[in-house]
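These notes are about the structure you will find just below.
The values are calculated or read from the model by the stated rules, or taken from the named source; none is laboratory data. As the structure is a computational prediction, the values presented were derived from the model and not from experiment. Please note: Cβ atoms are built from the backbone with ideal geometry, for glycine as well, and neighbour counts cover all protein chains shown.
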Amino acid sequence: MKIAALNPPFLRRYSRESRSPAVAKSGTLYYPMWLAYAVGYLEKQGHEVLFLDSPAAGLSAVETNRQIAAFWPDLAILDTSTPSIYSDVEVAAGLKKDIPGLFTVLVGSHVSALPVETLALDPSVDAVAFGEYEATLVELASVLSGASGRDALHAVDGIAFRDSAGAIVKNKRRAYIDNLDDLPMVSSVYKKHLAIEPYFYGHSRHPLIVIVTGRGCPFHCTYCVVPQVLQGHRYRRRSVGNVVAEFKYIHENFPHVKEIMIEDDTLTADPKRCRDLSAELARHGLTSVPWSANSRADVDLETMRTMKKSGCRLFCVGFESGDQRILDNIKKGTNLDRIRQFVRDAKRAGIMIHGCFMVGNRGESPETLETTLRFAKVLNPDTAQFFPIMVYPGTSDYAYFKEKGWIVTEDYRRWLTEDGLHSSVVSNPDVSYETLVAFCDRARREFYLRPAYVAGKLIEILKNPGEAKRILKAGMTLFRYLFQPSLKRKKGAPEC
């Protein structure tokens, strides 16, 4: 079967794959990684796939449609996100109009949380695949290739669809993939289909490759959408040998790559596996390209030192708040003293830290905002981001804030600022969403414009030229935003 897989056009440098989809002030642009895994899995089953990432390639809706129509697929798979969902549906409708007989299916966290509601937006959308969707798409393609028609869709776990009478049907959820080694290496999909240069993480060396070594997160933070909606809370792991093989593939096929980012929700959830993986990378001599990973603030010093020896360069860590009560409210499972020790140990081990701070959580007040900013300055991670909470459908936070009546709009077009930047739609009685966005603007200025921080970065550039390109690229992009407010009010515009 001929299949088009599309990260649809929307805003310039818009990252659907981000945990909080938006245009990033650091210039960050995520790979469409989950969609890429599905492309590889479909190709493994013998399907012919056209894979387009319109935001990365700078393709307009017209050019995107032209390329897909020239390919003339039987099935089109479109990635989605909450802020872009109306646009995503419009793109699907446009493809359906241009290619008679095309079957359109949407994937991603938003449609996984709201499959029936998404289908109700436009009859041009034939189906959504909810949850972890690689195996679902393979079975869907097989069914569509058969002679039974839409009636056979009732047997495909993990989809909601329109039956032959036009009624919306939601099938049962599909079981998660246990043998992740069965999935193709996502880096091989990048090699075949994508130019890697547009993808950039503000905390990583450029160019980079992004992979996962496992799926699912064993922790239960109230805000985090991927475990709650897509991949569950059981940490399923690729074998160490399988991961090492991908590192070797990257070393051999991407000689210009400067970093590998491991995007597991929490790689360090299994410290022993981290040590085993690190030892194998070192044993195979795969340490010349540094790598980074998402981490909790609870890794022991021994594990850090082992990871450092294998090339680990940086931890991306969700600190979230400087107030212990808020950390408890969001079920973060960390405490402030352990966070402080973690940061000290990381510096001793020589591993850099990108710290994430999220405001507007349960129990937030003007006082706790300032507590978090002071805490960020004391921790002094190498880089930091401050962003207002976004409560996505399907998360326990979404249910909590909706029940409270604190979600100011459910028009998803308004879940970003005018420029596509991180905003918030949560206003509690003590802190409005405008206050949250304004605080994040100020927090960035105060964190990054400290004389000691600026001096430290200048010294780092001189002592470590390998970091210079990343620091200058991210810094120049961020600097453009430091002195302008994220929220821009048009004269006479109504409040949310």
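Among the numbered conditions (1) crowded, with 16+ Cβ neighbours inside 10 Å; (2) assigned to a helix (DSSP H, G or I), tell me where Met261 comes up short.
The number of the failed condition is (2).
Across region 216-249, which residue is farthest from Gly333 (Cα to Cα) among those that are of a type in the set (S, T, N, Q) and crowded, with 21+ Cβ neighbours inside 10 Å?
Restricting to residues being of a type in the set (S, T, N, Q) and crowded, with 21+ Cβ neighbours inside 10 Å, the top hit is Gln231.
Within region 44-62, track down each residue that is in a loop (DSSP other than H, G, I, E, B) and in contact (Cβ under 8 Å) with a residue 40 or more places away in the chain. Give the derivation first.
Applying the first criterion (in a loop (DSSP other than H, G, I, E, B)) to region 44-62 yields 45-47, 58-60.
Those that are in a loop (DSSP other than H, G, I, E, B) and in contact (Cβ under 8 Å) with a residue 40 or more places away in the chain: Gln45, His47, Gly58, Leu59, Ser60.
Yes or no: Gly40 at positive phi and either at pLDDT 95 or above or in contact with a helix residue (DSSP H, G or I) (Cβ under 6 Å, 6 or more places away or on another chain) (or both)?
On the way: at positive phi: no; either at pLDDT 95 or above or in contact with a helix residue (DSSP H, G or I) (Cβ under 6 Å, 6 or more places away or on another chain) (or both): yes.
Considered against the rule, which asks whether it is at positive phi and either at pLDDT 95 or above or in contact with a helix residue (DSSP H, G or I) (Cβ under 6 Å, 6 or more places away or on another chain) (or both), Gly40 comes out as no.
How many residues are out of contact with any helix residue (DSSP H, G or I) (no Cβ under 8 Å at 6 or more places or on another chain) and either closer than 18 Å to Thr306 by Cα or among the hydroxyl-bearing types (Ser, Thr, Tyr) (or both) if we restrict to region 260-273?
Residues of region 260-273 that are out of contact with any helix residue (DSSP H, G or I) (no Cβ under 8 Å at 6 or more places or on another chain), as a first pass: 261-262, 264, 266, 269-270, 272.
Checking the rest, the ones that are also either closer than 18 Å to Thr306 by Cα or among the hydroxyl-bearing types (Ser, Thr, Tyr) (or both) come to 261-262, 266, 269-270, 272.
Looking only at that region, the number is 6.
Ala160 fails exactly one of the following numbered conditions: (1) out of contact with any Lys or Arg (no Cβ under 6 Å at 6 or more places or on another chain); (2) part of a strand (DSSP E or B); (3) over 30 Å from His354 (Cα atoms). What is the number of that condition?
With (1) out of contact with any Lys or Arg (no Cβ under 6 Å at 6 or more places or on another chain); (2) part of a strand (DSSP E or B); (3) over 30 Å from His354 (Cα atoms) applied to Ala160, the lone miss is (1).
If you go through region 66-118 one residue at a time, how many are buried (at least 23 other Cβ atoms within 10 Å of the Cβ), touching a Lys or Arg at 6+ places or on another chain (Cβ under 8 Å) and within 25 Å of Gly420 (Cα to Cα)?
7
Out of curiosity, is Asp411 surrounded by fewer than 20 Cβ atoms within 10 Å (Cβ to Cβ) and either more than 26 Å from Gly350 (Cβ to Cβ) or in contact with a helix residue (DSSP H, G or I) (Cβ under 7 Å, 6 or more places away or on another chain) (or both)?
The answer is yes for Asp411.
How many residues, within region 200-218, are within 25 Å of Asp181 (Cβ to Cβ), part of a loop (DSSP other than H, G, I, E, B) and under 16 Å from the mean Cα position of the chain (by Cα)?
The qualifying residues number 4.
If I go through region 386-396 residue by residue, how many of them are buried (at least 23 other Cβ atoms within 10 Å of the Cβ) and over 17 Å from Thr435 (Cα atoms)?
1
So for region 119-126 (the condition being under 19 Å from Asn7 (Cβ atoms), assigned to a helix (DSSP H, G or I) and small (Gly, Ala, Ser)), does at least one residue qualify?
No, region 119-126 contains no residue that is under 19 Å from Asn7 (Cβ atoms), assigned to a helix (DSSP H, G or I) and small (Gly, Ala, Ser).
Restricting the search to region 11-43, which residues are among the hydrophobic types (A, V, I, L, M, F, W, C), surrounded by fewer than 24 Cβ atoms within 10 Å (Cβ to Cβ) and assigned to a loop (DSSP other than H, G, I, E, B)?
Within region 11-43, Leu11, Val23 meet the criteria.
Considering only residues that are more than 12 Å from Ala56 (Cβ to Cβ) and in contact with a helix residue (DSSP H, G or I) (Cβ under 8 Å, 6 or more places away or on another chain), which ones fall in region 193-208?
Gly202, His203, Ser204, Arg205, His206
For region 201-215, give me each residue that is farther than 16 Å from Gly241 by Cα, at pLDDT 95 or above and either buried (at least 21 other Cβ atoms within 10 Å of the Cβ) or in the same structural domain as Arg12 (by TED's automatic domain parsing) (or both).
First, the residues of region 201-215 that are farther than 16 Å from Gly241 by Cα: 201-210, 215.
Of the ones still in play, those that are also at pLDDT 95 or above are 207-210, 215.
Those that are farther than 16 Å from Gly241 by Cα, at pLDDT 95 or above and either buried (at least 21 other Cβ atoms within 10 Å of the Cβ) or in the same structural domain as Arg12 (by TED's automatic domain parsing) (or both): Leu208, Ile209, Val210, Arg215.
Confirm whether Asn428 is of a type outside the set (Lys, Arg) and farther than 20 Å from Ile330 by Cβ.
When the stated conditions are applied, Asn428 does not pass them.
For region 93-117, what are the residues that are among the hydrophobic types (A, V, I, L, M, F, W, C) and either assigned to a strand (DSSP E or B) or more than 21 Å from Tyr30 (Cβ to Cβ) (or both)?
Selection gives Ala93, Leu95, Ile99, Leu102, Phe103, Val105, Leu106, Val107, Leu114, Val116.
Any idea how many residues of region 304-322 are crowded, with 21+ Cβ neighbours inside 10 Å and either closer than 28 Å to His206 by Cα or acidic (Asp, Glu) (or both)?
Residues meeting the conditions: 12.
For the condition aliphatic (A, V, I, L, M) and free of Cβ contacts under 8 Å to residues at least 12 places away in the same chain, what is the one hit in Leu327, Leu286, Leu281, Leu301?
Exactly one residue qualifies, and that residue is Leu327.
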